[in-house]
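Taking it in order: structure first as structure tokens, then the write-up.
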Amino acid sequence: MAIEVEGQAVGAIGYVPGRDVERYSAEIGYWLGEEFWGRGIVTEAISLVTAHAFAQLDFLRLFALPFADNPGSARVLEKAGYSKEAVLRSSCVKYGEAKDQLLYAKINPGWRPRSL
């Protein structure tokens, strides 16, 4: 989904649902043009998408994997109510370099299993 400011797409946010036993979880991801950093835009977008995913799509858990060397991304997750659960050492490769990631998650406090 586009993150829009004054009618202009300035970033994106979305999620990838899990499968099988992880079908009630999804990974959330986002980016924002650098000129829009520091305005609370991504925090608001994460909060809105999370609320929608919990209330309308029946997700139990959303999680994000920001790079460990990106404290700004970790901070927006914390401001949106996500909790840091782990540091994943050398869990990805970007531009040929192994990088650490952080695992942040938020649990849906109102979640109940669907009746079959």
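Every read-out reported here was derived from the displayed coordinates using simple, explicitly stated rules and does not represent laboratory data. Since the structure is predicted, the reported quantities are computational estimates derived from the model, not experimental observations. Here Cβ is always computed from backbone atoms with ideal geometry, including for glycine, and neighbour counts include all displayed protein chains.
Over 22 Å from Ala12 (Cα atoms) and not polar (S, T, N, Q), is that true of Gly96? Considered against the rule, which asks whether it is over 22 Å from Ala12 (Cα atoms) and not polar (S, T, N, Q), Gly96 comes out as yes.
Just one of (1) within 20 Å of Gly38 (Cβ to Cβ); (2) out of contact with any Ser or Thr (no Cβ under 6 Å at 6 or more places or on another chain); (3) not in a strand (DSSP E or B) fails for Tyr104. It is (3).
Selection over region 33-54 of residues that are within 16 Å of Gly14 (Cα to Cα) and more than 16 Å from the chain's Cα centre (by Cα) gives a count of 1. Of the residues making up region 71-101, those that are under 23 Å from Ile41 (Cβ atoms) and outside any loop (DSSP other than H, G, I, E, B) are Pro71, Gly72, Ser73, Ala74, Arg75, Val76, Leu77, Glu78, Lys79, Ser83, Lys84, Gln101. When the residues of region 78-96 are filtered to those that are within 12 Å of Leu65 (Cα to Cα) and charged (D, E, K, R), which remaining residue is farthest from the chain's Cα centre (by Cα)? Within region 78-96, the match that is farthest from the chain's Cα centre (by Cα) is Arg89. Residues of region 72-90 that are among the charged types (D, E, K, R) and in contact (Cβ under 8 Å) with a residue 24 or more places away in the chain: Glu78, Lys79.
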